[in-house]
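What follows is a set of notes on a single structure, which appears directly below.
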Amino acid sequence: MIKYFFNLTIFLSVAVCSAQNSFKVIPLGTYGGGDESNLSSYMAAPVNSENYIALDAGTIRSGIEKAIQKGNFKQSSASQVMQQNIKGYLISHAHLDHVSGMILNSPDDTKKSVYTLPTVGKIITDKYFSWESWANFTDSGEAPRLSKYKMVSLEDGKEIPITDTEMYVTAFPLSHVNPYESTAFLVRHDGDYLLYLGDTGSDLIEKSNKLENLWKQIAPYINEQKLKGILIEVSFPNEQPDKSLFGHLTPKLLEQELNTLNRFCKPGKLHHVPVIITHLKPVGDHIEKIKKQLKEKNALGIKYIFPVQGEKITL
């Protein structure tokens with residue numbers, strides 16, 4: 001009997017632990033343009049760690065200041081958080097609204113790694129850290145190289161450790177105005193996962209299969225309830241013409257992609273994965289329309305989260 005209760009206690013403990021939150025995400029910037037103080041960037045770490053990775057880096061300092069005001073860091077200085085807590089940058093693509101915070105703050109930053117697909121890293125070193133436009137703080141590209149940032153090239157589908165953190169990352173290419181590449185990052189801590197997608201068009205519009213390939217890869221983690229959240233963009237409301245999407249999603253196109261993902265999942269499993277909507281463009285009443293359109297047509301019962309700059313999300 002004692003052995004029975006002992007085994008039951010272990011079972012219940014494991015069950016509770018498996019349902020606990022695994023990641024914390026702090027939005028440093030949530031918009032896809034229009035406000036240089038609030039551009040795409042999200043700090044992510046395991047719930048019990050202060051070793052963060054930055055998922056894109058459009059805004060850094062302003063977002064950290066908001067997060068400090070909301071009590072998410074013990075430090076009182078944005079520079080201290082950037083230097084001490086951000087251990088590296090995962091950059092999905094090289095558009096300015098995803099890299100400008102990293103570039104502008106590089107003189108005050110500490111040594112760390114920048115993780116990109118090779119095509120993305122080449123743009124960063126050739127176009128931005130080129131001495132003509134900014135000092136070269138990387139270990140690649142034009143000499144002299146100051147080597148503050150170690151440029152790490154990611155291979156499609158190959159997991160590597162994220163230096164100075166407890167996390168690992170796998171990169172998957174996305175299409176952002178085909179043939180230009182963006183990136184999805186699958187971040188792992190222990191046996192749990194977090195998926196972040198940089199800017200992406202739908203497979204239908206991009207004439208691509210990049211998203212379908214990604215959905216096939218992550219469906220097993222959804223079935224096993226190991227995927228704790230998806231961060232994905234919706235830039236425009238449904239009224240935006242296809243010819244003016246420029247490699248972005250609308251609520252209707254996101255719904256189509258989630259339906260494709262759902263076909264690779266066991267019934268009812270996708271319903272348990274929160275979807276954080278990123279890269280909203282603050283033009284007129286676009287954001288209000290996007291929120292309304294996502295909620296109106298939600299046949300899958302997805303829990304949509306609309307991030308607020310500086311407010312922590314626990315997944």
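Computed from the coordinates by the stated procedures, all read-outs in this text should not be read as laboratory data. All of these numbers come straight from a predicted model, not from anything done at the bench. Here Cβ is always computed from backbone atoms with ideal geometry, including for glycine, and neighbour counts include all displayed protein chains.
Things worth noting here:
- The alpha carbons of the chain occupy a box of 73, 50, 37 Å along the principal axes, longest dimension given first.
- Evaluated at q = 0.13, 0.18, 0.19 Å⁻¹: base-10 log I(q)/I(0), Debye formula over Cα of the range 136-197: -0.47, -0.80, -0.85
- Here the range 157-230 has an Rg and Dmax of 12.8, 39 Å, counting Cα atoms alone.
- Mean separation of Cα contacts under 8 Å, 6 or more apart, over the residue count of the range 25-314: relative contact order %: 18 percent
- Estimated from the Cβ-Cβ distance and a Förster radius of 22 angstrom, the FRET efficiency linking Lys266 and Lys216 is about 0.95.
- Cross-link partners of Lys226 among lysines (Cα-Cα below 16 Å; sequence separation of 8 or more within a chain): Lys24, Lys216, Lys266, Lys269
- Computed helical MRE - 222 nm, the chain, DSSP H runs ≥ 4 contributing -39500 (n - 2.57), nearest 500: -8500 deg cm²/dmol
- You can think of it this way: the chain between Gln80 and Asp156 has 24.0 nm of extra reach, that is 0.36 nm per residue less the Cα-Cα gap.
- Förster-model FRET efficiency, 45 Å R0, Trp131 and Ala299, C-beta, rounded to 0.05: 0.30
- The lysines within cross-link reach of Lys289, meaning a Cα-to-Cα straight distance under 21 Å and a gap of 8 or more places when in the same chain, are Lys243, Lys252, Lys281, Lys297, Lys303.
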